[in-house]
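Student: Dropping a structure here in structure tokens format, bear with me for questions.
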Amino acid sequence: MTGGIAALGVSTATSIAVAVAGSLGNAGSVAGVGFMAAIGLGMFAVGALRIPGWARRRRTQIEGVTARLIIAAETPPQADPNPAREP
């Protein structure tokens, strides 16, 4: 996602530079900026589409960790069979 935002930023800066230079009528410069913007939008969209799946997986992982912590907190400590740590 971050790469897509960066590509959109670069295409915006490039289009501003093209406008300041007075080359907006040049089809090559406009097509290049448009292509860069399309690539940036595509990268952003792919990243955004992956977030819901990641969030579901992360929620399942956190629920598993929480369940293990609850079990560990409710389990009384066992007596140490070797308190003096003798071999």
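Student: Out of the residues in region 13-41 that are touching a residue at least 12 places away in the same chain (Cβ under 8 Å) and of a type in the set (Val, Ile, Thr), which is farthest from Ile51 (Cα to Cα)?
Tutor: Only one residue fits best here, namely Val18.
Student: Let me ask you something else. Which of the residues belonging to region 11-40 are exposed (fewer than 15 other Cβ atoms within 10 Å of the Cβ) and under 25 Å from the mean Cα position of the chain (by Cα)?
Tutor: Result: Thr12, Ala13, Gly34, Phe35, Ala38.
We did not get these values from a lab; they are worked out from the coordinates using the rules stated. All values reported here derive from a predicted model rather than from experimental measurement. Because the Cβ atoms are built from the backbone with ideal geometry, glycine has one as well, and the counts that use them run over all protein chains shown.
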